[in-house]
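Some notes on the structure that comes next.
Read the figures in this text as sums done on the coordinates, not as results from a lab. Fair warning: this is a prediction, and the values are worked out from it, not measured in the lab. Cβ sites come from the backbone with ideal geometry, for glycine too, and all protein chains shown count toward neighbours.
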């Protein structure tokens, strides 16, 4: 089996991954900030606008961000280890199936491999990974009975 846990510095040197999933939703925070700026021009909503701008600027500039998943044409890389220098490289042909599970505090992506082991990572939305998983691991999704529409 080629899939393995390895140090980030030992990842194969390749081009920029086609898809990267981050912890911080920068686009949503930027849109929230723009909405806040629009609210600043309307007197009854100026207070709410100021709060939206402050929260979005704080979130974008000061809160930490890190990469959760990188999708490559041959494999994906999970950065879900406590040790930030460690990652898991999983080749697409070694995935038996995958499942996205919804939980109240966070969601979880679980990937089952051909050797019987499984890898999981905490996520905060299925949309971030759905398109890439459908592209590279087509037909391998296990849909849960408790399904939340996206």
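By the count of neighbouring beta-carbon atoms within 10 Å, fewest first, 7, 140 end up ordered 7, 140.
Rounded to the nearest 10 degrees, the angle from helix 127-136 to the longest Cα principal axis of the chain is 30 degrees.
For the chain, the 222 nm mean residue ellipticity estimated from helices alone, with every DSSP H stretch of n ≥ 4 adding -39500 (n - 2.57) and the total spread over all residues, rounds to -9000 deg cm²/dmol. Here 136, 91 are placed in order of increasing Cβ neighbour count within 10 Å, fewest first, which gives 91, 136. So which residue, out of 46, 138, 30, gets the largest mean-square fluctuation from a GNM of the chain using Cα contacts under 10 Å as springs? Top of the fluctuation ranking is 46.
Roughly what % antiparallel, to the nearest 5, for the DSSP beta bridges in region 30-150? The answer is about 90 percent antiparallel. Nearest 10 degrees is fine. How inclined is helix 46-62 to the longest principal axis of the chain, computing both from alpha carbons? Value to nearest ten degrees: 40. Against the set [x] 11.3; [y] 8.7; [z] 14.0, the structure's computed mean projected area of the Cα convex hull in nm² falls on [x]. Springs join every pair of Cα atoms under 10 Å in this Gaussian network model of the chain, and among 97, 80, 115 the largest mean-square fluctuation is at 115. As a proxy for reagent exposure, ranking 118, 105 by other Cβ atoms within 10 Å from fewest up yields 105, 118.
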